[in-house]
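First comes the structure, then the notes that go with it.
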Amino acid sequence: MKHSEYNKLKFQLAVLKDIAVSYAGRTIDNIIQNIESRVKYIEDKEKEL
């Protein structure tokens with residue numbers, strides 16, 4: 001395994017652990033919908049500026 005692949009896996013694991021804490025008890029579909037909604041909200045707010 002390349003060093004860059006290893007680092008990518010470690011980063012992905014850290015992100016998933018953070019998501020698991022933030023969205024405990026939810027399915028992956030709920031998590032995806034929630035994050036997509038948050039991204040859209042931020043994009044819409046940036047357009048207003």
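Structure above, values below:
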quantity: For the chain: rounded, prolate or oblate by the Cα gyration tensor [a/c cutoff 1.5]; calculated: oblate
quantity: Residues of type lysines that K2 reaches as a straight line, Cα spacing below 25 Å, ignoring anything fewer than 8 places off in the same chain; calculated: K10, K17
quantity: C-alpha long axis of helix 28-48 to longest principal axis of the chain, angle in °; calculated: 50 degrees
quantity: Angle between the chain longest axis and helix 3-22 axis [Cα atoms, degrees, rounded to 10]; calculated: 50 degrees
quantity: Surface share of carbon and sulfur [accessible, 1.4 angstrom probe, percent] for the chain; calculated: 58 percent
quantity: Heavy-atom accessible area per residue - the chain, 1.4 Å, Å²; calculated: 96 Å²
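The values are calculated or read from the model by the stated rules, or taken from the named source; none is laboratory data. The structure displayed is predicted, hence computed values, not measured ones. Protein only, heavy atoms only, side chains kept; ligands, DNA and RNA dropped before computing areas. Shrake-Rupley method; radii C 1.70, N 1.55, O 1.52, S 1.80 Å.
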